[in-house]
């Protein structure tokens, strides 16, 4: 509509002026008493005047609409910008609340395990390989992190162990990686066993519990903790829970499938345990 007026506005104005001039001249020349000729002119010019008024009114309405359209468009853009700013503020507030909740949970863990010294870090990249389960974090040697440091989430669930360290980054192998090999403990029966990574289970983000004593009571849902033997992993960290119990192909022993207590895919922030009391 605005383009129509921009390209044809002058033409419409000329037509309107000509129509107005014709009617005014006719009225002037034939003014006075309404003789037959004047009556004829009046009959002819009256519809023209009416049409002219209609055209003028229509043009005024269109210009008014175009002006209001520009105003509404600008207001809409301002409102959209304001909504985007408010949405960003909400996201920042949610992120701050999540961070506060993580720190609150970590504080609870620190109060239970006063021997732990933590270093927080964020996950900056994840391995794209199908042959390993690992990720990179935002802290390294400059933050006091060393290889074989244990990594947990804010609840104290085991996440993995540091395998490589740079000045300001480190690589963490998760607990479902095929290189995992550590002592486990069934909390319900206090039965010791071995936790191992398994290539077939790694894709499901699970691991194995093996070397289970023959007569031990083992049920789905049993919680598995770290035993602390070996000095790499602190004792009492939640590894996960038993989801399945199987007999191995030889028929001589059993193994259990363990679902980690932490959700590895959703992790964004982790905590490296730099110091802890070693169980002898």
#### Entry: Relative counts (whole %) of C-alpha pair distances in segment 116-276, using bins that are 5 Å wide
2, 10, 20, 22, 19, 13, 8, 4, 2, 0, 0
### Query
Nearest 0.05, what FRET efficiency do residue 204 and residue 147 give at R0 = 41 Å with Cβ-Cβ as r?
0.90
#### Entry: FRET efficiency, residue 115 to residue 188 (Cβ-Cβ, R0 30 Å, nearest 0.05)
0.75
### Query
What is the gain in length, in nm to one decimal, between residue 78 and residue 163 on full extension, counting 0.36 nm per residue of separation less the C-alpha to C-alpha distance?
25.5 nm
### Message
How far apart, in nanometres, would the label points at residue 104 and residue 250 be if each is projected 7 angstrom from Cα along the Cα-to-Cβ direction?
### Response
5.1
### Förster radius 30 Å - calculated FRET efficiency between residue 215 and residue 155 (Cβ-Cβ, nearest 0.05)
0.40
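Here, each number is a calculation from the coordinates, and none is a lab measurement. Not measured: the values here are computed from a predicted model. No Cβ is skipped: glycine too gets one built from the backbone with ideal geometry, and neighbour counts run over all protein chains shown.
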